[in-house]
Amino acid sequence: MKRIFTSVILLLTAVVGIQAATRTNKITVKSTRMQTITGFGAACCDGAMCPYATDTQPVKLLYGDVSPIGLNIMRMEISPNFEGDVKVPEWNNWDSPYDWNGSLPSAKIVKQRGGIVFGTPWSPPGEYKTNGSAQGGNAEDQGNIKAKLREDCYDKFFPWLNSFLDWMHSKGVDVDAVSIQNEPDWWVSYSGCLYDPEDLVNLVKNYAYMLDRDSHPGVRLISGESLGFTQNYTDPLMQDAACREQIDIVAGHLYGHAPLTYMKESAKLPLQYGKEVWMTEHSSTDNIGERLPTWHENLIFAEELNECMLAGATGYIYWYMRAHWAFVSTGEAKYGEGNKVKNKLLPRAYVMSHFAKHVTGSTRLKTSADRTTGEGYSTEYSAYVKGDSLIVMAIDTTQTAYNLQITLPYKVKSGTHLLSSGNETENLCQQSAIEIAMPSDVITVEMPARSLNTYIFMIDKGSTAIENVKQDDEDDDASPKTYYDLQGRRLDNPRGLCIERSANGKSRKVMMD
């Protein structure tokens, strides 16, 4: 009797296992168009990226179409020191020349590969500040003075940014955008400067006209990048008409707040007024200690990317390019065998490639499964249209595989499945064909356990679906429009194929004469 009972249990277990493995989740991709995605990137700053001038291997591995990762945005620091001033201040805790030469070699490569380069000041020159130093003021040797830009130096701030743009141009790099300040709400002991929200409104409203857009056509101005992407730093700039005219990109970081909280709320006004929204710094799992991230932690990073898109982001820029918790290995064996060889692509880079390679230049579509919060979900999805392609991102952190039934807004004729899974250590982005017997708008695909998936479908031009695509592109909004090239750079005189963005946040590709 005992043997029979055991056999029944085993049989039931097997049946349950089969049912779990073949369960089907369903999502519907809608034709409603949201924001157009400019791209993805990382920072070429201090720390593990040093020495800047001699090691450009990270950007060579990560940027452009020739890279397996496909990043297209690079963030660099605008040092408070002027060109030629290479003395390292005592408060500076890294061992590289702290001037404008710092990220120049990497910036040149990114621009050569068609990427976007933008600069962020951690501090304006010390002589412009209340504490007389580029140091942030939160230290005993500074007397804990809250270092701020002196009001009598507000008129010097944008000319200082102009001098940076001029110098970079003279070295062969046309910088695409400049930010006002890194984390204006964070009092630090390193290079920093504090601004209250009303300080930023005053600075932008009364002095941002001094940014030399004539000498640097196409350069865009980025708001102060607050620590937690909080509305008290973003909304005032959008609510003031004069500020709104000057700010092109509203930016912030994710420290302390998940994307679908403060960032989602902070994105509403900028998108309404046709501005871009960039998440410009976050380091997911940088506090993990002396080990590489687990595959589960890398999937959590994928969810962060996905949730930023759902929150309305048009750009996502990670923190360091090279770190054991980032994209390129440091060569330090103490973090694990996978980090032992310097300048090797890490699994997190391949996670980023799903978005950087395929979502850049696309327009997000609403789905029936769009998350309004990131809490408590083991699966996440998002969808995009890009030319004749429909793209569906799907993330699963569970231990059980399942099928995913996708209802699409247009009929498709073929597809490709890109898979990253913790079970695969050598080929971190596997590719396989999705067989579609005849054009259809309902497709069922496999969803492996603990995986990141990109499903790319080709729209069937021979069906009536393509007419729906054209109809969706029609925009009767008569409000002013802005134009960008396919790399996301703003165009003052648009020509050829470019992206048109209306003030209500809608985007479409258009051919300009």
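The values are calculated or read from the model by the stated rules, or taken from the named source; none is laboratory data. Quick caveat: nothing in here was measured; it's all calculated off a predicted structure. Here the Cβ is made from the backbone with ideal geometry for all residues, glycine too, and neighbour counts use every protein chain on show. Heads up: the accessible areas ignore ligands, DNA and RNA and are worked out on the full protein's heavy atoms, side chains in. Shrake-Rupley method; radii C 1.70, N 1.55, O 1.52, S 1.80 Å.
A straight Cα-to-Cα reach below 21 Å connects residue 334 with the lysines 342, 344, residues fewer than 8 places away in its own chain not being considered. Let a ≥ b ≥ c be the square roots of the eigenvalues of the Cα gyration tensor of the stretch 161-319; is it rounded (a/c under 1.5), or, if not, prolate (a/b larger than b/c) or oblate? It is prolate, given that a/c is not under 1.5 and a/b is the larger ratio. Element breakdown for the stretch 94-183 at a 1.4 angstrom probe: carbon and sulfur atoms account for 44% of the accessible area. Each Lys and Arg Cβ is given +1 and each Asp and Glu Cβ -1; about its Cα centre, the stretch 122-249 then shows a dipole of about 140 debye.
Here the gap between residue 25 and residue 153, fully extended at 0.36 nm per residue and compared with their Cα-Cα distance, gives a gain of 40.2 nm.
Simple point charges give the picture: +1 on the Cβ of Lys and Arg, -1 on the Cβ of Asp and Glu, and for the stretch 345-440 a dipole about the Cα centre of about 380 debye. Placing unit charges on the Cβ atoms of the charged side chains and taking the dipole of the stretch 300-401 about its Cα centre, the candidate lying farthest along the positive direction among 376, 350, 390 is 350. Within the stretch 63-83, what residues put their amide N at less than 16 Å from the label point 7 Å along the Cα-to-Cβ vector of residue 163? 78-83, by backbone N distance to the label point. Surface analysis of the stretch 259-327 yields an accessible area of 27 Å² per residue, using protein heavy atoms and a 1.4 Å probe. A Förster radius of 41 Å combined with the Cβ-Cβ distance from residue 272 to residue 436 puts the calculated FRET efficiency at roughly 0.60. Computed over protein heavy atoms with a 1.4 Å probe, the carbon and sulfur contribution to the accessible area of the stretch 190-293 reaches 46%. Excluding same-chain neighbours fewer than eight residues apart, the lysines reachable from residue 129 by a Cα-Cα span under 16 Å are 146, 148, 156. Summed over the residues of the stretch 382-429 and divided among them, the accessible surface reaches 35 Å² per residue at a probe radius of 1.4 Å. With respect to the cross-link table entries 111/461; 26/411; 60/366; 26/357, which display a Cα-Cα separation exceeding 23 Å? 111/461; 60/366; 26/357, as the Cα separations exceed 23 Å there. Residues in the stretch 89-205 average 38 Å² of solvent-accessible surface per residue, probe 1.4 Å, ligands and nucleic acids excluded. Label the stretch 314-366 by shape, choosing from rounded, prolate and oblate, from the square roots a ≥ b ≥ c of the eigenvalues of the Cα gyration tensor; if a/c is under 1.5 it is rounded, and otherwise prolate applies when a/b is larger than b/c, oblate when it is not. Prolate shape, in that a/c is at least 1.5 and a/b is the bigger ratio. Give me Rg/Rg_expected for the stretch 216-296, where Rg uses Cα atoms only and Rg_expected = 2.2 N^0.38 Å with N residues. Expressed relative to 2.2 N^0.38 Å, the Cα Rg reads 1.29.
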